[in-house]
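The values are calculated or read from the model by the stated rules, or taken from the named source; none is laboratory data. Just so you know, these numbers come straight off a predicted model, no measurement behind them. Note that we place each Cβ from the backbone using ideal geometry, even for glycine, and neighbour counts take in every protein chain shown. We work out accessible area using only protein heavy atoms, side chains counted, and drop any ligands, DNA or RNA first. Shrake-Rupley method; radii C 1.70, N 1.55, O 1.52, S 1.80 Å.
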Amino acid sequence: MKYLEIPVNVEGSMEYAKANMYLLDTPLDKVWYRKRPTIIICPGGGYEKVSYREGEPLAMHFLSKGYHACVLEYSVAPAKFPTPLLELGKVMKL
C-alpha cells in the first residue's frame with residue numbers, strides 16, 4: 001500500500017484540508033497494470049467537525065476489497081458551504 005497526502009485548496013478552504021490517499025501497490029514484475037475503482041470517504045460530522053474514526057477504518061476495509069481509497073479531511077466550521085463540496089469536487093478531478 002502507498003499513502004499520499006494531497007493538500008486540497010479552494011476558495012475558503014482551511015489550511016488542514018487534504019486528501020489522504022491509500023493506494024494498492026501494483027507489482028513491478030507485472031507488465032500490465034490493473035485499473036482499480038477508487039472510493040472517496042467523507043467522514044461525517046455535520047460540517048461542524050470531521051469524525052476521524054469513520055475515515056481510516058473504512059479506507060482499510062475498502063482496500064481489503066480491492067479498491068483504492070481516499071479519506072477527505074474537508075474544511076468545517078468556521079468554513080462555510082459550499083467550501084466542503086468544492087473540495088470534494090477537486091478531489092474527484094484527481
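Brief remarks follow.
- Acute angle (nearest 10 degrees) that the helix 83-93 long axis makes with the longest principal axis of the chain, alpha-carbon atoms: 20 degrees
- Rg/Rh for the stretch 38-94 (Cα atoms only, Rh after Kirkwood) is 1.00.
- Net charge over other residues, Cβ less than 13 angstrom from the Cβ of Cys70 (K, R count +1; D, E count -1): +1
- Here the gap between Lys93 and Lys2, fully extended at 0.36 nm per residue and compared with their Cα-Cα distance, gives a gain of 30.8 nm.
- Normalised contact order of the chain, rounded percent, pairs of Cα under 8 Å and 6 or more residues apart: 34 percent
- Applying 1/(1 + (r/R0)^6) with r as the Cβ-Cβ distance of Thr38 and Asn9 and R0 = 22 angstrom yields a FRET efficiency of 0.60.
- Set of lysines near Lys80 by C-alpha distance (under 27 Å), chain-local residues within fewer than 8 positions excluded: Lys18, Lys49, Lys90, Lys93
- Of all beta bridges that DSSP places with both ends in the chain, some 75 percent have antiparallel geometry.
- Taking only protein heavy atoms and a 1.4 Å probe, the accessible area of the chain is 60% carbon and sulfur.
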